[in-house]
Each structure stands twice: as structure tokens, then as C-alpha cells.
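Peer 1: Mind having a look at this structure? Questions to follow.
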Amino acid sequence: MNPPVLQTRPPDLRRLVDHLQRRSTDQVPEQLAVDPSIYRDPEFAAAERERVFGRVPVIACHTTELPEFGSFITMRLPNNEAVIVRQEDGSVRAMVNSCRHRGSMVETAERGTCPRRLQCPYHGWSYNLDGSLRSATHEVSFGEFDHIATGLVQLPVEERHGYVWVVDNPQATLDLDAWLGPEMNAILGSYGIEKYVCAHKGSFDEPANWKVMQDAFLDGYHIQFVHRETAAKMTYTNILTLDDYGRHTRFMSPRKKLGKLLEDLPEGSELSEEQIRRYINISHGLLPNATMLFLPDHIQLLSFYPGADPGHCRMEIRLIVPSLEDSGWDEQRWQETWDRNWQINMDILRDEDFPIARNTQRAVSSTGAGPLLIGRNEVANYVFHREIRRLVDGENA
Ligand code: FES
Ligand SMILES: [Fe+2]
């Protein structure tokens, strides 16, 4: 049995087929000059932490990474160490993972389940799972203080479309409707991502600026060079449609099988939308730091976080797939399929894209590196750079 085909109705499938037949691509109205200092300048990195990550939501994890009451993950956001915990009523809370006594990291495991409380390993203060202070060790000798005001600091958080969204700043507000906009909100809502499960997750600390890495995964222009023996055998280079929703984008590319299908099509007949949908990649540039690839049978979520200095980042890769029950497969087939798929991802992303990004970082760190140019065909990169620049410049609209 084939994996379930996701029900999407992208409005521009015909445009993609036209591009494929003419070997053309969507273009943005202009090229974009990029100053290479944005990949290496500590001041620009500080502005990003404050005005990008300190203001707008990022996807912290998939819903199924917090499956039950007490499930938690910890993560290093650009401004804060965070711990995200599933609550008894099913909601989630995100908190700064720093004890209010003398600041120790409260939860040190990457993930797990703590059924009753979070306990600081330093002097044993404990917190309820909502972050409120539960007890302070030897309080008689410690002296009295305001327990209510001494809970873990809360971060804005919301769960929607199968993801947990967090703003990396306790003072910020989170307005997902405004941030996603009606189009991307509807698109994500239509996919039923909450019914999927996160089958694999990997974290990679890389010596490259987070935008160098993000750029590589918004780019349909490099495939035939960097992925000659892998992805290029399946996907066309430089054929994309772009939907620019302001902050976010959706961009689609055809797979080689679609080209073959078109070649074999009897004259005068057309492919149905259903046929086209099976053989395209639908990607989403989710500002500020994620690319979500929506394939016919699963989802790949790539997230990029600035590191401690502009020359380093962390990338998280998630393979989000139909649950065992929804797949209709037996457990062994399900596991083997997604293990194999994960390995293919490692072969392409880690072994082919990462080395290019590392070398790009070394090269753009040259003080003599000249101005860079994003072409009219690099549609998703264009919107990404345009929007990061607008956020850094403090434009709210
Ligand atoms: S730092 Fe947490 S109990 Fe002392
Ligand atoms: Fe690539």
C-alpha cells in the first residue's frame, strides 16, 4: 500500500507545469544585494537576537514531542535557555530554564517526563510543572521571601497546527494570527500536521551563520551542482513557483517523475491535479528560521538558530510522518521506512549541504569579501533576506 497522499490544493499547480514545460521559473521583481557582514558582524547578530528572535514566534517542537502530562523538552534559544512542559490540562508552558535562587539550569535533560515537579540540582529548590515555586530548601535559615514572585520566568507560548510556537523573550506577546497571516494560517491548518508524529529529530552544531544554513534550504538553484548524484536525480534545478505572503512563503518545485509523466502524456490530454500533486515538493519559508518541506507522504521541518557567535548555529531537523495507525503499515515497515528516509536526509543534508555552508562561512568571513547578489530566480531567499532586514530595521508592518 502506498503511503497516504496529503490532500492539498495549491492554486498554482498549472503554473508549475507551465514552468516545467518551458524550463522557466517564477522570478521576483528585482535582484537583492547582500552585504556579507550580515553573516559575521556581532552587532548585526545582536540586533537579530533582539529584534527578530526577541519579537516573533519560532516553532519549538512538534506536538508529539510532548505526548503526556509532565513531558518536557529543553532547548537553547538565542536569548534564553528554555524548558517546555506539557501541563495536566493538556496545555503547554514554556519557561526560562534558570533557577530563581542562583540561576542554575533546572532541567538538564534534553527531553523526558517529570510527573510531579522540576527540581534544581544545585540546592534542591523545586518547582511545579507550571513553573510556580513549590519549595525552597532549608527556608527557615534561608529567610522568608515572596514565593509567588519567584517562579520560573514564563515565555509566550501557543500550540497550533501541530507545532509549539514560542517567543524567545518573556516581555514579548505572541499573536500567531497576526504573525502567520490569513494565508499561511490557512495553509498550515489544512495539512493536519497535528495528526502526524515526529519520527526522527537531529540537532547539529555547525560552524556557519544561521542564515548561511537557512539560505541553503530555501534554494532551488544549487541542486544540480551540490546534489548531482542524489537529489538532482529526483528534482529539477531552478524551476520554482513562489507565493509571497509577506513574511512567509510557499514555493513549489517539480520532481523528475512529473516531467516523465508529461513527456508520456498523449497529445491533447492533461494531468489531473491529483497526479501533479504526487510529484511535486511543496516548501514553506516560515520566517524567521524554518523551512518546512511538505512531501506527498511526510513532512521535513528544518530550523536554524543563531549560535553564541555569528559564525556558529544550531540546525534541527525533524522528520514528521503519518502515525503507525494512519500509515496502514506494520510496525517493522513503518520503522524501516522512516529510518531509511532519515539516512537519505543525512546523506544529502549533512554530507552535501553542510560542507558548502561551512566553506561559505569561512569565505564570507574574509574582510575583503565583496558584496553578494541574490538573483531574481532565488525567490524564497529573496523574501527571507527582505523580511529579516525589515525585522532588524524595526519594521512591524
Ligand atoms: S541555584 Fe537552584 S536551588 Fe540553588
Ligand atoms: Fe541542498
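Peer 1: Please enumerate the residues belonging to the stretch 287-316 that are over 18 Å from Ile348 (Cβ atoms) and of a type in the set (S, T, N, Q).
Peer 2: Asn289
Peer 1: State whether one or more residues within the stretch 46-69 are polar (S, T, N, Q), more than 16 Å from ligand 2 (Cβ to nearest atom), in contact with a Gly (Cβ under 7 Å, 6 or more places away or on another chain) and over 20 Å from Met315 (Cα atoms).
Peer 2: Checking the stretch 46-69: not a single residue is polar (S, T, N, Q), more than 16 Å from ligand 2 (Cβ to nearest atom), in contact with a Gly (Cβ under 7 Å, 6 or more places away or on another chain) and over 20 Å from Met315 (Cα atoms).
Peer 1: Related question: Find the helices (runs of 4 or more DSSP H) located wholly in the stretch 195-276 whose residues include 1 or more that are more than 24 Å from the chain's Cα centre (by Cα) and away from ligand 1 (no atom under 16 Å from the Cβ), and list them.
Peer 2: 223-226, 256-263
Peer 1: Shifting gears a bit: In the stretch 199-218, is there at least one residue being more than 26 Å from Leu271 (Cβ to Cβ), at pLDDT 95 or above, buried (at least 23 other Cβ atoms within 10 Å of the Cβ) and among the polar types (S, T, N, Q)?
Peer 2: yes
Peer 1: To continue, here is another question. Aromatic (Phe, Trp, Tyr) and more than 15 Å from ligand 1 (Cβ to nearest atom): is that true of Phe142 in this structure?
Peer 2: Taking the combined requirement at face value, the residue does not satisfy it.
Peer 1: Now for a separate question. Please give the number of the condition Cys114 fails out of (1) modelled with pLDDT of 95 or more; (2) within 16 Å of ligand 1 (Cβ to nearest atom).
Peer 2: It fails just one condition, (1).
Peer 1: Show the residue pairs meeting these rules: Cβ distance below 7 Å; 6+ apart or different chains; first residue within the stretch 360-374 and without any contact (Cβ under 8 Å) to a residue 12 or more places away in the chain; second residue surrounded by fewer than 16 Cβ atoms within 10 Å (Cβ to Cβ).
Peer 2: Correct list of pairs: Ala363/Ala369.
Peer 1: Still on this structure: Output the residues belonging to the stretch 325-344 that are crowded, with 16+ Cβ neighbours inside 10 Å and either assigned to a helix (DSSP H, G or I) or of a type in the set (A, V, I, L, M) (or both).
Peer 2: We begin by selecting, within the stretch 325-344, every residue crowded, with 16+ Cβ neighbours inside 10 Å; these are 327, 329, 334, 337-338, 341-342.
Matches in the stretch 325-344: Ser327, Trp334, Thr337, Trp338, Asn341, Trp342.
The values are calculated or read from the model by the stated rules, or taken from the named source; none is laboratory data. Note that the structure is a prediction, hence the values are computed from the model and not measured. Ideal geometry is used to build each Cβ from the backbone, glycine not excepted, and the neighbour counts take in all protein chains shown.
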